[in-house]
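A short write-up of the structure that comes next.
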Amino acid sequence: MKILVIDDERPALRRLTESVQNVAPDAEIYPFSDTDEYFAHEPKTGFDAAFVDIELGEMSGIELALEIKKHSPLCNIIFVTSYSKYGAEAFSARPSGFIVKPFTEDELRNELDNLRYPLSESKKQEKKIRVS
């Protein structure tokens, strides 16, 4: 599983990244502290999930989610924010979930267990190493 983590506050990014690693230890995690870092990253395809802060500065997390979906249409967007007031607006990006900070690892695990676009068993299997 490839997971994006995007938050412009470094302590929040660090905590979210560590929590996602604890919940999904086999995942490849790509943390970014701003939208420019994400846009400079190649490739932008193949992400299974993205934990995105809604307030990111010049570009909102909602706008960024729409950009992420252009490159990875089945990416499960999970908004993570301190502001519950964005709930209704966030759903215009068709997210998989919405978490209000401060969050728990159980909340993160629940979101990954209930993705809008679940990982297929074949995709889960391709990450395993096979020895013949």
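The values are calculated or read from the model by the stated rules, or taken from the named source; none is laboratory data. Quick caveat, the model's predicted, so the values are computed rather than measured. Cβ: placed from backbone, ideal geometry, glycine included. Neighbour counts: every protein chain shown. Note: areas computed on protein heavy atoms with side chains; ligands, DNA, RNA excluded. Shrake-Rupley method; radii C 1.70, N 1.55, O 1.52, S 1.80 Å.
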Notebook entry, point to check: Take the residues of the stretch 43-81 that are modelled with pLDDT under 90 and acidic (Asp, Glu): which is nearest to Leu16 (Cα to Cα)?
Noted result: Glu55
Item checked: Unmet requirement for Phe91, which otherwise passes all of (1) open to solvent by 20 Å² or more (accessible area, probe 1.4 Å); (2) more than 19 Å from Asn114 (Cα to Cα); (3) assigned to a helix (DSSP H, G or I); (4) modelled with pLDDT under 90 -> (2)
Next item on the list: Scan the stretch 66-79 and report the pairs whose first residue is under 11 Å from Gly46 (Cβ atoms) and whose second residue is part of a helix (DSSP H, G or I) and open to solvent by less than 10 Å² (accessible area, probe 1.4 Å), with Cβ atoms within less than 7 Å and a gap of 6+ or a chain change.
Entry: Cys75/Ile68
Notebook entry, point to check: Can you tell me how many residues in the stretch 94-104 are modelled with pLDDT of 90 or more and either on the phi > 0 side of the Ramachandran plot or surrounded by 14 or more Cβ atoms within 10 Å (Cβ to Cβ) (or both)?
Noted result: 1
Checklist line | Residue that is farthest from Leu13 (Cα to Cα), among those in the stretch 105-120 that are open to solvent by 70 Å² or more (accessible area, probe 1.4 Å) and among the polar types (S, T, N, Q) | finding: Asn114
